[in-house]
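Inspection log for the structure reproduced underneath, given as structure tokens.
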Amino acid sequence: MLPDTDELPDVLLDLAVPHEDINALVTGVSALTGDAGAMRLLDACVAELTPGATALQGTSRLGELLTGTPPALGAHFAAYVFVAALPHTRAYHRERGVPAEVTRRTLADLGRNMASHRRLHGTGGVRAPEWLVRHFRGELYQLGRLQFERARAGERTAPLLRTVGLACDPDTRCLHLHIPDFRGPLTPTACDRSLELARRFFAAHFPEEAYPAGVCRSWLLDPQLRRYLPAGSNIIRFQERFRVAVDDTGPSDTTPVRFVFGDPDLPVDGLPRRSSLERAVGDHLRAGGHWYLGHGWFPL
């Protein structure tokens, strides 16, 4: 169920939805609720987000379903989906004893995602709704600077974890670390705090699940960054937490451009050089180099 139009602004603010989008979302509710087909689609999308009892639910059909969004409802339809799913997620968090502040900060990723959409396109919308599935299913939590996702090792990660002496198969649980934007520097102190919060959080709220390792797949783990950044920089210090293997799926040049400059399609020749990281990303590409995703892991 969607909240009424008097309550909706407060709900949106709790989700960190940008102020620029709130009026459009409130005024658009009547068009949504007056369209029976759109409401059926909304219900189907919410069903994809409803948390399971304990099991990780794997893939989602949300992206596929959202291709059927009525044009009249535009890019904001996905935001209504997450608002409608909110009571289910909050109920699951309460059942698990998750503190209200963790719930609020975790689900505020909707607002971060919408801010990213506006930065890229200049209009309202949800940039990557499929990414938010794990938040609303109760699989990912914001704990300090980092986000931690309850996940399984999978076919690619399990052999890597065995190299550090962990008994691991593809179904072994591990925590995937994610580095959200708009959260300030990735300092060693902030990361230490997040990891300690995560150890305590999952032991308290998912005691039946063991997480022997932390895993991160990110362009920030590309070892080539060491050629450009000081040894004491936050990014290099973050890399040092992991054993790292370069992803063998090929270059991922647009990924750092997206995260550093906001738009993956910016021409390389015009990328700014205002910071050491901007210079690293742009200069490497301008010299004909490529960036790769690093796959890192460490025992917890």
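Could you work out the relative contact order of region 159-288? I mean the mean sequence separation of Cα pairs under 8 Å and 6+ apart, divided by the number of residues, in percent. Numbers along the way, then the final one.
Details: 91 pairs, mean separation 27.2, N = 130.
Rounded, it is 21 percent for region 159-288.
Determine, for ILE235, ILE22, the number of other Cβ atoms within 10 Å of each Cβ, and report the residues in order from fewest to most. Could you put the intermediate results ahead of the total?
Working: ILE235 22, ILE22 17.
Fewest-to-most ranking of ILE235, ILE22: ILE22, ILE235.
Can you tally the net charge around CYS191? Count Lys and Arg as +1, Asp and Glu as -1, for every other residue whose Cβ sits under 12 Å from the Cβ of CYS191.
Values: positive: ARG145, ARG183, ARG193, ARG237, ARG241; negative: ASP192, GLU196, GLU240.
The answer is +2.
How far is it, in nm, from the label point at ALA231 to the one at GLU95 when both lie 7 Å from their Cα along the line to the Cβ?
That separation, rounded to one decimal, is 5.1 nm.
On the principal axes of its Cα set, how long, how wide and how thick is the chain? Give whole Å, largest value first.
57, 50, 31
On average over all directions, what projected area in square nanometres does region 1-130 have, based on the convex hull of its Cα atoms? The partial results should precede the final answer.
Working: hull surface 31.2 nm².
Over every viewing direction, the Cα hull of region 1-130 projects on average to 7.8 nm².
Tell me the relative contact order for the chain as a rounded percent, counting alpha carbon contacts under 8 Å between residues six or more apart. List each step's numbers first, then the result.
Values: 421 pairs, mean separation 45.0, N = 300.
Reported relative contact order: 15 percent.
In terms of modelled amide H atoms, which long-range or inter-chain residues lie less than 5 Å from the amide H of ALA151?
Result for ALA151 returns CYS174, HIS176.
Put +1 on the Cβ of each Lys and Arg and -1 on the Cβ of each Asp and Glu in the chain; which of HIS176, PHE136, ALA78 then has its Cα farthest toward the positive end of the dipole?
Of the options given, the answer is HIS176.
From zero outward in steps of 10 Å, how is the percent of C-alpha pairs of region 194-253 spread across the bins?
Here the calculated profile for region 194-253 is 18, 39, 28, 15, 1.
Just to confirm my numbers, what's the Cα centroid distance between region 224-300 and region 26-84 in Å?
Value for the Cα centre distance between the two parts: 35 Å.
For the pair ALA128 and GLU209, how long in nm is the line joining their label points, each one 7 Å along Cα→Cβ?
About 2.0 nm separates the two model spin labels.
Which residues' amide hydrogens lie under 5 Å from the amide hydrogen of TRP291, considering only partners 5 or more residues apart or on another chain, with H built in the peptide plane?
Here SER252, ASP253 satisfy the definition.
Between region 153-206 and region 1-21, what is the C-alpha centre distance in whole Å?
If you average the Cα positions of each part, the centres end up 32 Å apart.
Sequence gap at least 6, Cα distance under 8 Å: using those rules, report the relative contact order of region 1-130 to the nearest whole percent.
Numbers: 115 pairs, mean separation 45.6, N = 130.
Relative contact order comes out at 35 percent.
Quick check on region 123-278: what are the equivalent-ellipsoid semi-axes from the Cα gyration tensor, as sqrt(5λ), descending, whole Å? Walk me through the numbers on the way to the answer.
On the way: eigenvalues 151, 74, 56 Å².
Its equivalent ellipsoid spans semi-axes of 27, 19, 17 Å.
Since every read-out is calculated from the coordinates, none of them should be taken as a lab result. These figures come from a predicted structure and were not determined experimentally. Here Cβ is always computed from backbone atoms with ideal geometry, including for glycine, and neighbour counts include all displayed protein chains.
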